[in-house]
1. Which label marks the calculated value of Rg/Rh (Cα atoms, Kirkwood Rh), given the options (i) 1.66; (ii) 0.99; (iii) 1.08?
2. Cut-off is 10 Å between beta-carbons; in what order do Cys272, Cys171 appear when sorted fewest neighbours first?
3. Using the count of nearby Cβ atoms within 10 Å as a rough guide to exposure, how do Ile34, Ile187 rank from fewest to most?
4. By per-residue mean of other Cβ atoms within 10 Å, what is the highest-first order of 391-398, 235-242, 264-271?
5. Dipole of the range 130-251, Cα-centred, from +1 at each Lys and Arg C-beta and -1 at each Asp and Glu C-beta, to the nearest 20 debye?
6. Mind ranking 90-98, 345-353 by how tightly packed they are, going by the mean number of other C-beta atoms within 10 angstrom, highest first?
7. Cβ under 13 Å from His298's Cβ, His298 left aside: what net charge do those residues give with Lys, Arg +1 and Asp, Glu -1?
8. Stretch Asp101-Glu339 to full length: gain in nm at 0.36 nm per residue minus the Cα-Cα span?
Amino acid sequence: MTRARRARKHPPAKASAAHIARALLSISALAIMIVGTGAFLLSYYFLHEQTARHLHTLISFAASESRNAIEFRDTKTASEILQSIPQAEGITFAQIRDASDIVLASIDARADSGIGRLADWIGNERVSQDVVVEGRRIGSVVLEGGSEPMLRTLTGLLVWFVFGMLLVAVCALALARSYTQRFTQPIWQLRNVIKQLIENRNFNQRAPASSLAEVEDLRREFNVLLDEIRMRDHLLTQSNAALRRVAYVDALTGLPNRAMFEPALQKTIDACKRSRTRAALFYLDIDAFKSINDNLGHTVGDELLSQIAARLRTWRPHETTATRIGGDEFVVLLSPLAEKADLQDILSQLHAQLETPIEHGKIVIHPSTSIGAAVYPDVARDTEELVRFADHAMYAAKSQRYREGLVTHWQTSPTIGEEPANSDWIDANPAAM
């Protein structure tokens, strides 16, 4: 009920072009009707006056010609005089009378047709004139008519009037369309800019200039608004990018963090399921990293993490995705893994990539990493199992490397004139971690 009422209160909006065209056509039609009606009435007035003058001229001629016929009561001559009046003059009734108003001759051509009735409605002119000889009235002449020629003239004028109205209407329609386009085209251009702005978010577009002052003012204000929107959109994009970096990128190393790793791992596993390929996950940890922080400081520890991350980023970059899980733990996802790939050979390559010495001022660090590997779908059916197996393999590798004495150590570089210092080995027992 409420929606129906709202629909009645707010009819569908119409295009401004339709409103302008309708207004121009209405004004043109009204002007044509007023001018046409005035011209028609003026023509009727002048034609009526001209007909009356012509009848007076015609009756004067008939009166002068009928003097002898009236004096001698010659009805034949009187009839000939009346019949000599041209039919084109439109005389429908004529009489010649003597002094006693006795009719000597008469013509009655008044028709009961539609044209005749229309002629009577328009108004036949009836005139009479006395026939005077030497100051003495000897008779009279009566004429009636003249409206049929006027009607024919008015009919012709009406035809031309209708034709002229149609011609003016066509011209008005063309002018209405031209002016409508002139007024509405800038609005349509502005609308198209807004539409493309919404669809493509292209804030570099600008509304074209307009010759209409009001639209030009609107265009300038709109372009200023676009500049403001573009600036805010740029700031919003930068803010979103910064938030994304905070949410998905490790601030220290620049590698993806755990939040980004988990969906990326799931996406890789899904792709492997569809393509029936394999993927390897390497879980690695820097041996005795806590001792680096405790003995050399967090600055050196951060440098070590950054260097390890940089080496992971450059190791087989087109096949792997490296992620810092947290602390000194990293994972590397290798996909696709070739069917004949030797996992131990890949592990050796990764150790070689990571365990070259790192210089930090006078300190040279020899990093040691424990790496565990798991292959999907050889040992795991989903992401959780893959991470769990890789984690267990990493701890197994860490225990093996401790037993073999392969741990991170560092030494101080000698300055000029100094003897090389003995290497200081970081305590690599489990308690030191």
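1. Checked against the structure: label (i).
2. Result, fewest neighbours first: Cys171, Cys272.
3. So the residues, fewest neighbours to most, are Ile34, Ile187.
4. 391-398, 264-271, 235-242
5. Roughly 580 debye for the range 130-251.
6. 90-98, 345-353
7. In short, -3.
8. Length difference between fully extended and current span is 71.8 nm.
Bear in mind that the values in this text are calculations on the coordinates, not laboratory data. These numbers come from a predicted model, not from an experiment. FYI the Cβ positions are ideal-geometry reconstructions off the backbone, even for glycines, and counts take in every protein chain you see.
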